[in-house]
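Notes for the one structure printed next.
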Amino acid sequence: MARINGNSALRFALTAILYFVYVISLAVNGRVVPLHPYLNGEEKPISNIFDTSKYGLFQVGNGLANTPQMGWNSWNYFGCKINEKVIRETADALISTGLAKLGYRYVNLDDCWSEVQRDSKGQLVPDSKTFPSGIKALADYVHSKGLKLGIYSDAGAFTCAVRPGSLFHESDDAKSFASWGVDYLKYDNCFNLGIEPEKRYPPMRDALNATGHTIFYSLCEWGVNDPALWADKVGNSWRTTNDINDSWASMTETADINDKWASYAGPGGWNDPDALEVGNGGMTYHEYRAHFSIWALMKSPLLVGCDVRNMTAETFEIISNEEVIAIHLGFKEGKFMHMGLMDAFNELFFGIVYDNWFLQVWAGPLSEQRMSVVLWNRCSKSGTITAKWGTLGLESSTSVSIKDLWKHAYVSQNSVSSFSARVDAHACEMYIFTPSTLSRSTY
């Protein structure tokens, strides 16, 4: 950068301070998430629980995201404390633990990988202290493991950590990402200058497509302008919520908000309620298991957010559950299985804070009239939750076999009319319901 001396330096500093305060206010104001209508006393329409009318659109036309993305993201655990050693070791850990074979293929850098300023040619450059070998060398290493590298930028003047954003630099930055061999871009929403996201996000889509290099495009607009309604032709996934944090309250609220947009997700483009917090220490084992189960059922991206180099056996048990992952991927013989969501509140309602009111049934259809069902106890005491056939769209006389995906065993061979289970506080149980006339061998 050219040096600025004397009075010019002072004027530049004052201007920069004023501009910084202005864009900070815009960014903060932009992250206010409206109250979800179902948390405001409105009843969810049961008649539309399996509405798949918006499914099946190939959003960006780049051939990606036939299933929701799986991998790892640096932010939830490391924040800005990332470097190339951490990323290389994370790639190694995904291989050595077997997680990569289960589908966790993306190794995604979040904010703070770049220098705080562009170079003299206006180009993004990696932080010379933390990524001295450069992003191209890092991508080559990750690719040598059979994995894919993701990177982060922002549809604003700066990233959320005040590194250079890509607003008005879309073409140059997309070319850089492509030349480095990047496979995935998370595109954030900070310092957006008050420009509507519908105008800010398409230019990067066009720039990425123009490179001729296939890059998964993940919009991180925080759900402010309801991206599920317009991002289907822009990105491969879109954030529907504000940032998650490692707490039960944040996780449950995030799930509720994301649920509103269930019918807009499908091959090519997915709702994104943010990365997983499983293993970061802020929730219990049961809470993390519920977190993973609901994210899988919602077909949300499964991006691990903990330090996989040092995860506990419990964390590994949760994120490596192949039967739950199979529900998340939703395939049978190469065909996508539509998943809707529902809350069974036949005698229950929103808006009252009381221990025994928040017992939920979430479900999604699979192939051949089967379905995945989660009984989720969001109370602070254990409780019995009942899934009634009528609520699930089944005839009351239908005989159903039920497999528990966490116990990996059948818990019933011939349930009729309803199924009940005792569920621990802040826990869930996840099942496959199979009508008795159908095969139980596949998903």
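The values are calculated or read from the model by the stated rules, or taken from the named source; none is laboratory data. None of the values given here were measured: they were computed from a predicted structure. Methodologically, a virtual Cβ is constructed for each residue, glycine included, from the backbone with ideal geometry; neighbour enumeration extends over all protein chains shown. When the accessible area is computed, the model is the full protein with side chains, heavy atoms only, and any ligands, DNA or RNA have been set aside. Shrake-Rupley method; radii C 1.70, N 1.55, O 1.52, S 1.80 Å.
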Counting only protein heavy atoms and using a 1.4 Å probe, what share of the accessible area of the stretch 87-234 belongs to carbon plus sulfur, as a whole percent?
51 percent
Percentage of Cα-Cα pair distances in the stretch 140-257 greater than 24 Å, rounded to whole percent?
28 percent
Using a 1.4 Å probe on heavy atoms of the protein chains only, the accessible area for E84 in Å², nearest 10, reads 30 Å²
Ranked highest first by the average count of other Cβ atoms within 10 Å around their residues, in what order do 116-129, 225-238, 312-325 fall?
225-238, 312-325, 116-129
What does the charge add up to near E89, with Lys and Arg as +1, Asp and Glu as -1, over the other residues with Cβ less than 14 Å from its Cβ?
+2
Radius of gyration and maximum dimension Dmax of the stretch 60-148, Cα, Å:
14.2, 43
What is the magnitude of the charge dipole of the stretch 157-202 about its Cα centre, with +1 placed on the Cβ of each Lys and Arg, -1 on the Cβ of each Asp and Glu, and no other charges, expressed in debye to the nearest 20?
80 debye
Report relative contact order for the stretch 180-337 in percent, whole number only (criteria: Cα-Cα under 8 Å, sequence separation at least 6).
16 percent
Of all the C-alpha pairs in the stretch 120-178, what % are more than 20 Å from each other?
29 percent
So what does log10 I(q)/I(0) come out to for the stretch 223-319 at q = 0.11, 0.12, 0.24 Å⁻¹, using the Debye formula with one equal point on every Cα and no solvent?
-0.31, -0.37, -1.20
Mean Cβ-within-10 Å packing, highest first, puts peptides 139-145, 194-200 in the order 139-145, 194-200
